[in-house]
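Scroll down for the structure; my scribbles are underneath it.
No lab work stands behind these numbers, since they all come straight from the coordinates. Note that the structure is predicted; figures quoted are calculated from it, not measured. We place every Cβ from the backbone using ideal geometry, glycine too, and count neighbours over all the protein chains shown.
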Amino acid sequence: MDSSIRVLPDALVGRIAAGEVVERPASVIKELVENSLDAGAAHIEVSLDGEPQQFMQVADDGKGISAEELTLAVQRHATSKIQESDDLTQIHTLGFRGEGLAAIGAVARLRLSSRPLDSEMGASVFVEDGRIGAVEPIARAHGTTVEIRDLFFSTPARRRYLKSQTAEVRAISQLLQAYALGNPGVGFSLMQRSKQAFHFPAAPDLASRAAQILGAKRLDRMFPVEIEEADLALEGFLGAPEDSRARSGHQIFLVNGRWVTSPLLRQVVRQAYSDLIPPGRHPEALLSLRLPPEDVDVNVHPTKKEIRLRRERELYPRLTELLRRRVEGHFPSFQLSGQPEESLPDVLEEGRPESQTSLPLYPTSPKAEAEGWVSDQSSVVLPFPKTETKDSAEPTLANLWQLHETYICARVKQGLLIIDQHAAHERVLYEQALKRLQGDPPLSQELLFPLVVELTPDEFAVLLDSLSLLEKVGFHLETFGGTSVLVHAIPAGVREWKHGALLKDILDHISDLPSEMENHERVARSVACHGAVKAGQTLGNVEMNELVDQLFATEKPQGDPHGRPVFLRIELNELHRRFGRSS
Ligand SMILES: Nc1ncnc2c1ncn2[C@@H]1O[C@H](COP(=O)(O)OP(=O)(O)OP(=O)(O)O)[C@@H](O)[C@H]1O
Ligand SMILES: [Mg+2]
């Protein structure tokens, strides 16, 4: 083979360049829809007919292209959107390279037909394999239509990499929905084999558009974000922590109306939820960020899907903090109906098993109760300390019931709340422990008979290491010769002492947690995890009420310290829908 260097023919150069812009049918639609939006279209209609690579069409009612400029429009590096190099730093349009139509024309059969607003007649031009045909006059309405047939007919290798028809159509539909969210004022429709797959009429704002696309039900479960500052605006919706997903595909990010993949925004959102969701899961998010055009560099990737934000270092912490405040400020105001216990449905009351503990849940003497005094029985289940706000003489109990000795169910205004009793108690104990470690006075339950617990040398070493922290959270401990320890008191609120096994479990847990984790975090987590009520333990109505009260008095009731959800909400609307009732 002759290896001398030569300049490649234009058609081949065009095809190579096109390869970067047009990866699949959805990339064609992206180029065409962006052109329609730049042309100020009020409505954009995309039509498919079977396999998208065989036929796709995008029609708009935008400003159109004059007959004289049609040929120019399909040539490489021909654009009406920028003129000089400086314009690249101030891009106000979605397109700017003058490459979209030429790239598609290099790898497909393309017909561009248009009629500008001020013209009596329309015109059309055909491009095949990069060759531009003659411009012909046609009669048509104002606006532009681009028809694409036989995508990749001249590059069979590309064709082989196409996914199934369903996958390609899904990608197109997803893309249109994202652009529709980025441009609520523009109507969008998708036709498939002459049937309407969807139609989103022009909407006044993002919230109305989001309701058209996501549906009111899904949007109801999300909470709105609206931040307006001098140099940025952030608008959209974030999902409840309990609705987090395993894949980040449920996040849509728009920057200046452009649909982008933004690792930065993905990170910002993830950070904002911190430990409200478990590692490896992603909150649902729809965020539209508006920044001054000079702060967004779109010219970093041929498909313009990736962007660079010029003030990234400043924006990252700022956006994270703004969203974090928004996420934390979103606490569900569950109104547990304060109905008396008699109103529990009979069937639930009858089916309730007897409490597993034979001891009274609350100490009998008022003095003992005040001191948080408990008996030292290995099987005893300790009470939840009463919350101070509660009038203990006449408590108003909410209508709660326990499911499988694991979940607490509550009727709330809009439906049903299901709380994981262990996770809820873990959250409560965790926050209490952290507060005490940060300076709140320790709160203990004295053991009736102080107990000597024999530890292994390893456990004893951990104990000595964390002794002062354990005392702060409420343990009262005394070394007792060798590797034994005398326990006088345990933290208030801890449910089961298990005849000393609790302390050993806590010490094991502390040493299992990663050493990078701060000591007080490790102690708080361990105490919370082992001190919390377990699944399988029966709770009475008073106890359930105390726990639920305490849970919703915590700072982050949604997640346990590991980020697992603490409660789920089932909306009444959802139940109505599943039972085929119109709500
Ligand atoms: N639907 C349309 N309505 C009106 N004008 C259009 C339309 N589509 C394309 N044009 C005109 O054709 C030109 C070329 O379009 P093309 O998509 O190739 O490049 P571009 O949009 O300028 O830049 P980019 O390559 O970044 O998309 C545009 O600059 C615009 O003037
Ligand atoms: Mg374009």
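Exposure proxy ranking for Ile82, Ile408, based on other Cβ atoms within 10 angstrom of each Cβ and starting from the fewest, stands as Ile82, Ile408. For segment 221-329, a simple Cβ point-charge model (Lys and Arg +1, Asp and Glu -1, everything else neutral) yields a dipole of about 420 debye relative to the Cα centre. Prolate is the label for segment 396-473, because a/c, from the alpha-carbon gyration tensor with a ≥ b ≥ c as root eigenvalues, is 1.5 or above and a/b exceeds b/c. Normalising by residue count, segment 221-329 has a Cα convex hull of 99 Å³ per residue.
If R0 is 35 Å, the Cβ-Cβ spacing of Arg310 and Asp150 corresponds to a FRET efficiency of close to 0.30.
Note down the relative contact order for segment 1-84 as a percent, whole number, built from C-alpha pairs under 8 angstrom at least six residues apart. List each step's numbers first, then the result.
Numbers: 50 pairs, mean separation 17.5, N = 84.
Across segment 1-84, relative contact order equals 21 percent.
How much net charge surrounds Gln537 when only the other residues with a Cβ under 10 Å from the Cβ of Gln537 are counted, with Lys and Arg +1 and Asp and Glu -1? Overall, the nearby charge balance is -1. Return one number: the angle in degrees, 0 to 90 and rounded to the nearest 10, between the long axis of the Cα atoms of helix 519-531 and the longest principal axis of the Cα atoms of the chain. With rounding to tens, the tilt is 70 degrees. Taking label points 7 Å from Cα along the Cα-to-Cβ direction, Glu229 and His488 give a separation of 5.1 nm. With neighbours defined as other Cβ atoms within 10 Å of a residue's Cβ, the residues Asp205, Asp549, Asp129 order from fewest to most as Asp205, Asp129, Asp549. Got a sec? Charge dipole of segment 221-329, +1 on Cβ for Lys and Arg, -1 for Asp and Glu; which of Tyr273, Gln251, Leu238 is way out at the positive end? Going by the Cα projections, it comes out as Gln251. Translational diffusion of segment 153-270, estimated by Stokes-Einstein from the Kirkwood radius over alpha carbon pairs at 4 °C in a medium of 1.567 mPa s, is 79 µm² per second. How much net charge surrounds Ser154 when only the other residues with a Cβ under 15 Å from the Cβ of Ser154 are counted, with Lys and Arg +1 and Asp and Glu -1? Value of the local net charge: +3.
Can you list the trypsin sites (Lys or Arg not before Pro) in segment 155-220 that are in a DSSP coil and have 10 or fewer other beta carbons within 10 angstrom? Each step should come with its number before you reach the end.
Values: sites: Arg158, Arg159, Arg160, Lys163, Arg170, Arg193, Lys195, Arg209, Lys217, Arg218; in loops: Lys163, Arg193.
Those that pass, being in a loop and sparsely packed, are Arg193.
Hey, what D do you get for segment 227-267 in µm²/s if you plug the Kirkwood alpha-carbon radius into Stokes-Einstein at 25 °C and 0.890 mPa s? Intermediate values should be presented prior to the final figure.
Working: Rh = 11.9 Å.
Estimated via Stokes-Einstein, D reaches 206 µm²/s.
Placing unit charges on each Cβ (+1 for Lys and Arg, -1 for Asp and Glu) gives the chain a dipole about its Cα centre, and among Leu551, Ile570, Ser511 the Cα reaching farthest toward its positive end belongs to Ile570. Give me the angle, in degrees from 0 to 90, between the Cα long axis of helix 457-473 and the longest principal axis of the Cα atoms of the chain, rounded to the nearest 10. That works out to roughly 90 degrees.
Along the axis of the charge dipole computed for the chain (Cβ charges of +1 for Lys and Arg, -1 for Asp and Glu, origin at the Cα centre), the listed residues Leu286, Leu181, Pro561 are led at the positive end by Leu181.
Suppose a student asked you for the relative contact order of the chain, using Cα pairs under 8 Å spaced at least 6 residues apart; what percent would you report?
Numbers: 1084 pairs, mean separation 65.7, N = 583.
Averaging sequence separation for qualifying contacts and normalising by length gives 11 percent for the chain.
Evaluated with a Cβ-only charge set (Lys, Arg +1; Asp, Glu -1), the chain carries a dipole of roughly 2160 debye about its Cα centre, given to the nearest 20. A Förster radius of 22 Å combined with the Cβ-Cβ distance from Thr303 to Gln83 puts the calculated FRET efficiency at roughly 0.40. With angles folded into 0 to 90 degrees, how steeply does helix 165-182 sit against the dominant principal axis of the chain? Use alpha carbons for both and round to 10. Its long axis makes an angle of about 80 degrees. Sorted fewest first by neighbouring Cβ atoms within 10 angstrom, Lys534, Lys63, Lys413 come out as Lys413, Lys534, Lys63. Based on the convex hull around the alpha carbon atoms, segment 10-203 presents an average projected area of 10.9 nm². With a threshold of 31 Å on the Cα-Cα distance, the over-threshold entries among Lys413/Lys472; Lys30/Lys217; Lys163/Lys195; Lys534/Lys556; Lys305/Lys556; Lys472/Lys534 are Lys413/Lys472; Lys305/Lys556.
Send over the per residue convex hull volume for segment 171-216, Cα only, as a whole number of Å³. Please report the intermediate quantities before stating the final value.
Values: hull volume 2.9 nm³, N = 46.
Considering the Cα atoms of segment 171-216, their hull volume per residue is 62 Å³.
When both segment 77-144 and segment 522-553 are represented by their alpha-carbon centers, they are found 65 Å apart. With Cα atoms as the point set, the radius of gyration and Dmax of segment 471-583 evaluate to 19.1, 71 Å. Once divided by 2.2 N^0.38 Å, the Cα radius of gyration of the chain becomes 1.30.
First check a/c for segment 451-532, with a ≥ b ≥ c the square roots of the eigenvalues of its C-alpha gyration tensor; if it is under 1.5, answer rounded, and if not, answer prolate when a/b is larger than b/c or oblate otherwise. Cα axes put segment 451-532 in the oblate bin.
When the P(r) is computed for segment 103-201, the part past 24 Å accounts for 41% of the Cα-Cα pairs.
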